[in-house]
Amino acid sequence: MDILLVGGLWLRGSVWDRVASALEPLGHRPVPLTLPGQGDGDASATLDDQLAAVLAAVDAAPGRSLVVGHSAACTLAWLAADRRPERVAGVALVGGFPTGDGQPYADFFEVRDGVMPFPGWEPFEGPDAADLDAEARREFAAAAIPVPEDVARGVVRFADERRFGVPVVVVCPEFTPEQARKWIDAGDVPELARAERVDLVDIDAGHWPMITRPAELARILGAAADDAA
């Protein structure tokens, strides 16, 4: 099965390289995506452009795919399920949840000169970045791609309730499965509160397990793809 790997804010597709290498021996075809505006130099890219790139990968797969979204891109993965419920076998959400309908995609940090640059490590001190050493932090910050304003502030719109029938796996790095279940049951994640199947999987990592726990993350995603198939 194709496993489409969609990174969150500031990330190129290459952030998935070690996960992809570990997925191939498990019998799956990993497809890391570099999103418009996050690696191609196009600061005018929009949320619609990024969604179109994900949907193009879904449509190009020979069969149904597992769509993996990380952090903010959990919303892109869920949007793919909304737009292509018949082509998406399952969605894996790594370290995040879908934004609600009518809400901004990722308006989290300051926008300057039309882009949202990486804000430095202060907002992520604690469990998010505890497993990143100084060198990994330097490499991450140096490679971070400022996110176009029209991506970060793009408005999320869902349209097809068949998305709720697409199986979901939430990979829980800096939070626990118990916390995630509590948030979903409390209505804090309205999209997943209506999903018919949501499985929660723990991983001992910070917010970027594709960097710090690639082999373990690959095993989790491979199992999710096997189950979705």
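The values are calculated or read from the model by the stated rules, or taken from the named source; none is laboratory data. None of the values given here were measured: they were computed from a predicted structure. Here the Cβ positions follow ideal geometry from the backbone for every residue, glycine too, while neighbour counts run over all protein chains shown. We work out accessible area using only protein heavy atoms, side chains counted, and drop any ligands, DNA or RNA first. Shrake-Rupley method; radii C 1.70, N 1.55, O 1.52, S 1.80 Å.
Could you tell me whether the range 165-172 includes any residue that is closer than 17 Å to V68 by Cβ and open to solvent by 30 Å² or more (accessible area, probe 1.4 Å)?
Yes, the range 165-172 contains a residue that is closer than 17 Å to V68 by Cβ and open to solvent by 30 Å² or more (accessible area, probe 1.4 Å).
Of everything in the range 133-150, what is in contact with a strand residue (DSSP E or B) (Cβ under 8 Å, 6 or more places away or on another chain) and β-branched (V, I, T)? Give them in sequence order.
Result: V147, single match.
Could you check, for the range 55-64, whether at least one of its residues is in a helix (DSSP H, G or I) and open to solvent by 60 Å² or more (accessible area, probe 1.4 Å)?
So far as the range 55-64 goes, yes, one or more of its residues are in a helix (DSSP H, G or I) and open to solvent by 60 Å² or more (accessible area, probe 1.4 Å).
Could you go through the range 76-84 and let me know if any residue there is touching a strand residue (DSSP E or B) at 6+ places or on another chain (Cβ under 8 Å), surrounded by fewer than 23 Cβ atoms within 10 Å (Cβ to Cβ), at pLDDT 95 or above and closer than 20 Å to Y105 by Cα.
No, the range 76-84 contains no residue that is touching a strand residue (DSSP E or B) at 6+ places or on another chain (Cβ under 8 Å), surrounded by fewer than 23 Cβ atoms within 10 Å (Cβ to Cβ), at pLDDT 95 or above and closer than 20 Å to Y105 by Cα.
Which of the residues spanning the range 87-142 are in a strand (DSSP E or B) and farther than 30 Å from F164 by Cα?
Selection gives R112, V115, M116.
Return the only residue of E174, E178 being touching a residue at least 40 places away in the same chain (Cβ under 8 Å) and more than 24 Å from V31 (Cα to Cα).
None of the other options fit; the residue is E174.
Of all residues in the range 99-129 being within 20 Å of the chain's Cα centre (by Cα) and aliphatic (A, V, I, L, M), which is nearest to D188 (Cα to Cα)?
Once the filter is applied, the top-ranked residue is A106.
Filter the range 165-197 for residues that are under 21 Å from A72 (Cβ atoms), outside any helix (DSSP H, G or I) and touching a strand residue (DSSP E or B) at 6+ places or on another chain (Cβ under 6 Å) and give the result.
V166, V168, V169, V170, V171, C172, A195
Of everything in the range 198-223, what is part of a strand (DSSP E or B) and closer than 23 Å to R163 by Cα? Give them in sequence order.
Hits for the range 198-223 are V198, D199, L200, V201.
Select, from S14, S44, S71, S65, the only residue that is free of Cβ contacts under 8 Å to residues at least 60 places away in the same chain and hydroxyl-bearing (S, T, Y).
Within the list S14, S44, S71, S65, the selection yields S14.
Could you identify the single residue in T75, T34, T46 that is hydroxyl-bearing (S, T, Y) and in contact with a Lys or Arg (Cβ under 6 Å, 6 or more places away or on another chain)?
After ruling out the rest, the residue left standing is T34.
List pairs: first in the range 18-29 and surrounded by 13 or more Cβ atoms within 10 Å (Cβ to Cβ), second charged (D, E, K, R), Cβ under 7 Å, 6+ apart or cross-chain?
R29/D2
Based on what the data block shows, is D42 at pLDDT 95 or above and surrounded by fewer than 18 Cβ atoms within 10 Å (Cβ to Cβ)?
In short, no.
What tally of residues in the range 177-205 results from selecting those that are touching a Lys or Arg at 6+ places or on another chain (Cβ under 9 Å) and open to solvent by less than 60 Å² (accessible area, probe 1.4 Å)?
Within the range 177-205, residues that are touching a Lys or Arg at 6+ places or on another chain (Cβ under 9 Å) and open to solvent by less than 60 Å² (accessible area, probe 1.4 Å) number 6.
Scan the range 185-219 for residues that are touching a residue at least 60 places away in the same chain (Cβ under 8 Å), more than 15 Å from G69 (Cβ to Cβ) and among the aliphatic types (A, V, I, L, M) and jot them down.
A205, I211, A215, A218
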